[in-house]
Amino acid sequence: MRRNERGSVVWWVVGMMGCVLLLLTALGVLAQRSLRIAQAQAVADLSALAAVGSAEAGRQAGTVGSAPGAAQEVSARNGWVLTSVTSSELALGGRLWRVRISGDGVSAVAAARPDPVHRDLAAGP
């Protein structure tokens with residue numbers, strides 16, 4: 001192999017290694033973004049469940065539960081900003097709670113409602 005052929009092989013290997021490094025970096029960034037989206041959805045789900053739990057606990061105790069406060073606490077503890085909390089009355093009783101959180105260019109929405117409970121405290125339809 002002549003000297004100039006060895007040099008071109010070396011540059012070809014360096015170029016391929018650079019492409020591989022660039023590809024791995026792009027995959028890492030994509031994986032990080034996907035993980036952040038999954039975290040946002042999990043926190044939104046937990047915030048919606050906290051809102052339902054607080055509202056239902058207040059209803060059972062005969063007081064006004066702080067559903068937005070519970071959702072705010074869950075989202076703040078996990079490093080997210082609670083953007084909105086809304087509720088609507090359900091036909092079978094109870095309320096449907098919708099929560100939106102955001103942070104770092106990612107947002108997520110979740111909704112939760114209480115399960116109907118029979119007089120014998122067994123959950124079910």
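Inside region 41-60, can you point out the residues that are exposed (fewer than 15 other Cβ atoms within 10 Å of the Cβ) and either within 15 Å of V99 (Cβ to Cβ) or in contact (Cβ under 8 Å) with a residue 60 or more places away in the chain (or both)?
Correct list: A42 only.
Please give the number of the condition R59 fails out of (1) part of a helix (DSSP H, G or I); (2) at positive phi.
(2)
Can you tell me which residues in region 61-106 are open to solvent by less than 70 Å² (accessible area, probe 1.4 Å), in contact (Cβ under 8 Å) with a residue 24 or more places away in the chain and under 14 Å from D45 (Cβ atoms)?
Across region 61-106, the qualifying residues are A71, V74, S75, W80, L82, V85, W97, V99, I101.
Given (1) over 13 Å from the mean Cα position of the chain (by Cα); (2) modelled with pLDDT under 90; (3) not small (G, A, S), where does D104 come up short, assuming only one miss?
(1)
Answer with yes or no whether A111 is in a helix (DSSP H, G or I), touching a residue at least 24 places away in the same chain (Cβ under 8 Å) and surrounded by 14 or more Cβ atoms within 10 Å (Cβ to Cβ).
It is false that A111 is in a helix (DSSP H, G or I), touching a residue at least 24 places away in the same chain (Cβ under 8 Å) and surrounded by 14 or more Cβ atoms within 10 Å (Cβ to Cβ).
Any residue at all in region 107-120 that is at positive phi and either hydroxyl-bearing (S, T, Y) or modelled with pLDDT under 95 (or both)?
Taking every residue of region 107-120 in turn, none turns out to be at positive phi and either hydroxyl-bearing (S, T, Y) or modelled with pLDDT under 95 (or both).
Can you find a residue in region 24-37 that is open to solvent by less than 90 Å² (accessible area, probe 1.4 Å) and in contact (Cβ under 8 Å) with a residue 60 or more places away in the chain?
Yes, because at least one residue in region 24-37 is open to solvent by less than 90 Å² (accessible area, probe 1.4 Å) and in contact (Cβ under 8 Å) with a residue 60 or more places away in the chain.
The values are calculated or read from the model by the stated rules, or taken from the named source; none is laboratory data. These numbers were taken from a predicted model, which means no experiment stands behind them. Every residue, glycine as well, gets a Cβ built from its backbone with ideal geometry; the counts of neighbours run over all protein chains shown. Heads up: the accessible areas ignore ligands, DNA and RNA and are worked out on the full protein's heavy atoms, side chains in. Shrake-Rupley method; radii C 1.70, N 1.55, O 1.52, S 1.80 Å.
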